[in-house]
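Structure record follows, encoded as structure tokens.
The values are calculated or read from the model by the stated rules, or taken from the named source; none is laboratory data. As the structure is a prediction and not an experimental result, all values here were calculated from the model. Here the Cβ is made from the backbone with ideal geometry for all residues, glycine too, and neighbour counts use every protein chain on show. Calculation scope for accessible area: heavy atoms of the full protein, side chains included, ligands and nucleic acids excluded. Shrake-Rupley method; radii C 1.70, N 1.55, O 1.52, S 1.80 Å.
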Amino acid sequence: MNESANYDESKVGNHPLPELLQCEDGTEVLDSSIWTTKRRPEILDLFATYVYGKFPLVQLPITFEEISVNQAALGGSAIRHEIAINCVANDKKIRINLALYIPKSALTPVPIFLGSNFNGNHAVDQDGSISITTQWMRNTVDEKSVVNNRATEFSRGFEATRWPLELIIEKGFGVATFYYGDVEADHPDGWKNGVRAALSPGGESSEFEDDDWGAISAWSWGLSRALDYLVTNPAVDSERVALIGHSRLGKAALWAGALDERFALVVSNNSGAGGISLARRDFGESIRSINENFPHWFCGNYKRFNASPETLPVDMHQLAALIAPRPLYIATAQEDVWADPKGEFLAGKNAEPVYALFGKPGLGVAQWPPVNQPVGEFIGYHLRTGKHDVTTYDWQQFLRFASRHFRITQ
Ligand code: GTR
């Protein structure tokens, strides 16, 4: 929360949203085929050009290496693997350490929740055998858990409440997660040791164009590389990988889900500004404030809209629509006003016409629902009581939503 932001619903403004179902040449999108072949690529390109930035078109050779296995993880209910996803370019080695949990009882390939984490794999689980990340980390946790921008033993399990692993495993899902700082450290110079320096022709001396990728795009790139690994693992049902992200990592999950249609379902948890909340609503975090506080997250062009969000060529209902016809779940929290929970609902609501082209019902309600009353069919939504966080309540809804779409019977 920032006192200078607007939190008064009567002052959010009333700017019309950019057209969803009209192509740039005026063609009306009357069916799913025009959407898929013409309108969707246009919108994807607009998000790449003006919001998140474009990836360089180079493919890196990537190798996978099993680092450790714990056959009796989570009290014996799961097998836990650590896999290194390695790629080298411009003399930079990118190594994404993926922690993968597979239910021990699984007889067939399992559906997976994949998401990056904020504090390292060792922070997601108390298991003392998981490697502690040696990558740069923000000093925001507490003074014992992160010292001089490096995680300590003290931070084991620190983020565990956001990842109720036992519950997810019990419901028949596997879990895959990695530290987002493995891909790029989250500060303005972080790119110099991350994938953006590895993949840009100029390496660490690269000068980025205004439509070149920012850190959110880099983190999205990492999510797709984790999926590259998952599709090779026979214990995983690669057709049923759900992507999840909280907050800034929710923004990255949405962008990765838009770019990479192999992800079967996307969960946005409190993704807020630059994620699923409508940019044209002046409520909570603004384009200006996100660009000023986190200048490395978005592409250079996004800064052009600091003073005039209403001129942004896209808005976030179109980001939601890029997930269609795949199921999308939008989780928000009542006290997370900075993220504009109503603006997050309205992005889903205004994406419904694209789901309808595929014959898929969306939220199933016309009005913003009351707290703790989840709604939705192919677009799920809830407004939970409480703060900006991921809770067991949130996970219970994600598991119910994904079980229904993945046809899992409990
Ligand atoms: C905030 C930022 C939000 C959100 C959040 C987070 O400071 O303003 O957009 O991304 O960080 O990632 O926790």
With r as the distance between the Cβ atoms of Thr232 and Ala356 and R0 = 51 Å, compute the FRET efficiency 1/(1 + (r/R0)^6) and round to 0.05. 0.90
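Run the accessible area of the chain with a 1.4 Å probe and give the carbon-and-sulfur part as a rounded percent. Walk me through the numbers before you get to the answer.
Details: 8170 of 16270 Å².
That share works out to 50 percent.
Only Lys, Arg, Asp and Glu count, each charged at its Cβ (+1, +1, -1, -1), so figure out the dipole size of the chain about its Cα centre, rounded to 20 debye. Intermediate values should be presented prior to the final figure.
Working: 37 positive and 50 negative charges, 162 e Å.
About 780 debye.
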Let's see if you can work this out: charge +1 on each Lys and Arg Cβ, -1 on each Asp and Glu Cβ, no other charges. What is the dipole magnitude of the range 51-162 about its Cα centre, in debye to the nearest 20? 260 debye
Which whole-Hz couplings ³J(HN,Hα) result when phi for each residue of the range 50-55 is put into the Karplus expression 6.51 cos²θ - 1.76 cosθ + 1.60, θ = phi - 60°, listed in order with x for Gly and Pro? 10, 10, 9, x, 9, 7
For Lys342, counting only lysines whose alpha-carbon sits under 23 Å away and dropping same-chain residues fewer than eight positions off, the answer is Lys11, Lys251, Lys360, Lys387
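Indicate the helices, whole DSSP H runs only, in the chain that combine a mean Kyte-Doolittle hydropathy of 0.0 or more with a Cα extent along their long axis of 18 angstrom or more.
Values: long enough: 215-230 (23 Å, 0.46); 341-357 (26 Å, -0.21); 392-405 (20 Å, -1.09).
Helices meeting the span and hydropathy rule in the chain are 215-230.
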Between Asn306 and Asn139, with labels modelled 7 Å along Cα→Cβ, what's the label distance in nm to one decimal, could you check? 2.6 nm
Eligible lysines near Lys104 by straight Cα distance, threshold 18 Å, same-chain separation 8 or greater: Lys171
Report the gain in length on full extension from Lys104 to Leu57: 0.36 nm times residue separation, minus Cα-Cα distance, nm rounded to one decimal. 13.0 nm
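Between Ser403 and Asn90, what's the calculated FRET efficiency when r is the beta-carbon distance and R0 is 30 Å? Round to 0.05. Before the final figure, lay out the partial values.
On the way: r = 43 Å, r/R0 = 1.43.
Working from the Cβ atoms, E equals 0.10.
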Positive-end residue of Gly300, Tyr329, Ala347, charge dipole of the range 42-405 with Cβ unit charges: Tyr329
Kindly identify the chain as rounded, prolate or oblate by the Cα gyration tensor criterion: order the square roots of the eigenvalues as a ≥ b ≥ c, call it rounded if a/c is under 1.5, otherwise compare a/b with b/c, prolate if a/b is larger, else oblate. rounded
Pair Thr392, Arg262: separation of 7 Å Cα→Cβ label points (nm): 3.4 nm
Roughly how many Å² is the accessible area per residue of the range 42-405, as a whole number, for a 1.4 Å probe? 36 Å²
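Take every Cα pair under 8 Å in the chain that's 6+ residues apart, average their separations, divide by the length, and report that relative contact order as a whole percent.
On the way: 917 pairs, mean separation 70.8, N = 410.
That works out to 17 percent.
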Kindly state, to the nearest 0.05, the FRET efficiency for Ala5 paired with Asn372, given R0 = 35 Å and r defined as their beta-carbon distance. 0.90
